[in-house]
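First up is the structure itself, then whatever we jot down about it.
The values are calculated or read from the model by the stated rules, or taken from the named source; none is laboratory data. Just so it is clear, the model here is predicted, and its values are computed rather than measured. Here the Cβ positions follow ideal geometry from the backbone for every residue, glycine too, while neighbour counts run over all protein chains shown.
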Amino acid sequence: MKYNIDIPIDFVITWVDQSDEKWLSKFNYFSNNKKDSNNERFRDYNTLRYLFRSIDKFAPWVRNVFLVTDEQIPEWLKLDNPKIKVVFHDRIIPSKYLPTFNSNVIDLGLVNIPELSDYFVYFNDDMFLNAPVKKTDFFSITGKPKDTLAFNTIMPSENFDHIFVNNISLINSLYNKKKVMKSLFFKLFNFKNMEFNFLNMLLAPFPRFSRFVDPHIPISFKKDSIQSVMDTHPEIVESTNVNRFRSKDDYSIWLFRYIEMLRGNFSVRYAHFGKGYQLYQIEQISEDIKFSKHKVLNINDSEEILDSEFRKLTKSLVAVFDEKLNEKSSFEK
């Protein structure tokens, strides 16, 4: 079946407001000093409105924007905008697993969003559009997700690196690396891959997949592809959903991206389409935003940043966004 570029594309955003007293009460009750309950996983930049402004300005063609939250709605959000759909966790995750503070559980539930298009782009709340984008920046004219296939290695630094191991263990049970490299040679070694071509060449002799490069930018997914993998491997969801906080037994949404790429169901995208930063790189972030160096950005929090410094950095971030995206969007009251 052929698709044209008029395919309906939705954006999905996951968001949490740590300052919300109701959410905080639940979090404190269940956290019990869990390792994954550190602040930087949940601190809010107060920049969600700028993500919506960037969508309004740079991607007016989007069909719907689904905001996935734990019964939280930004007070400024204009709910009568026909494009905005707020989805609470209880609509996509079985009640016996709620409340959950595990991003992997939430991510695996995204396919259950009512009315979600088969073509969607997944955003965390620390991701932003930084320049005008087209549908073809995310999907090819034949409906294939745009992506970059690049090998990587696992360098364990924390307990949760097990999640990558879980993903790759399943991948290696399903795919023969040598055969995949042969069938996808011109996608694996492609001028659009830039410096990743060198990395792919270095890791090519390894007999099995060790990991893939995971760009921390908005990712394109096909809903039916995710569902087919879940149906074939129910253990992915079963072993993840039971964990209220991230666990070494989890699988992540990246797994579905890997499988789609190894099946060849993707179109090669320029490797520098987006850029990921740490919040403490505020000078580089400000320059990128000001001059639109990359079309999409991820600005990640870090445990290295103390709360006092976090407040200063986020204030600077809001200031630079307010300079670029100073007009209220159609998503705001």
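Given the options Val121, Val111, Val133, name the one that is among the β-branched types (Val, Ile, Thr) and assigned to a helix (DSSP H, G or I). None of the others qualify; the one that does is Val111.
In the set (1) in contact (Cβ under 8 Å) with a residue 40 or more places away in the chain; (2) surrounded by 14 or more Cβ atoms within 10 Å (Cβ to Cβ); (3) polar (S, T, N, Q), Ser316 fails one condition alone, (1). For region 94-145, filtered to residues that are among the aromatic types (Phe, Trp, Tyr) and under 30 Å from Gln284 (Cα atoms), the residue that is surrounded by the most Cβ atoms within 10 Å (Cβ to Cβ) is Phe120.
Counting only helices (runs of 4 or more DSSP H) wholly contained in region 142-245, the ones carrying 2 or more residues that are modelled with pLDDT under 95, within 21 Å of the chain's Cα centre (by Cα) and under 30 Å from Gln278 (Cβ atoms) occupy 162-174.
Could you check region 178-200 and list, in sequence order, the residues that are out of contact with any strand residue (DSSP E or B) (no Cβ under 9 Å at 6 or more places or on another chain) and touching a residue at least 12 places away in the same chain (Cβ under 8 Å)? Lys178, Val180, Met181, Ser183, Leu184, Phe189, Met194, Glu195 - these are the residues of region 178-200 that are out of contact with any strand residue (DSSP E or B) (no Cβ under 9 Å at 6 or more places or on another chain) and touching a residue at least 12 places away in the same chain (Cβ under 8 Å).
Residue count for region 286-309, restricted to those that are more than 19 Å from the chain's Cα centre (by Cα) and either modelled with pLDDT of 95 or more or of a type in the set (A, V, I, L, M, F, W, C) (or both): 10. Of all the residues in region 250-279, those that are part of a loop (DSSP other than H, G, I, E, B) and at pLDDT below 95 number 1.
Whenever a residue of region 138-165 is touching a residue at least 40 places away in the same chain (Cβ under 8 Å), its partners that are surrounded by fewer than 14 Cβ atoms within 10 Å (Cβ to Cβ) and aromatic (Phe, Trp, Tyr), lying with C-beta atoms within less than 9 angstrom and at least six residues away or across chains, give the pairs Phe151/Phe206; Thr153/Phe206.
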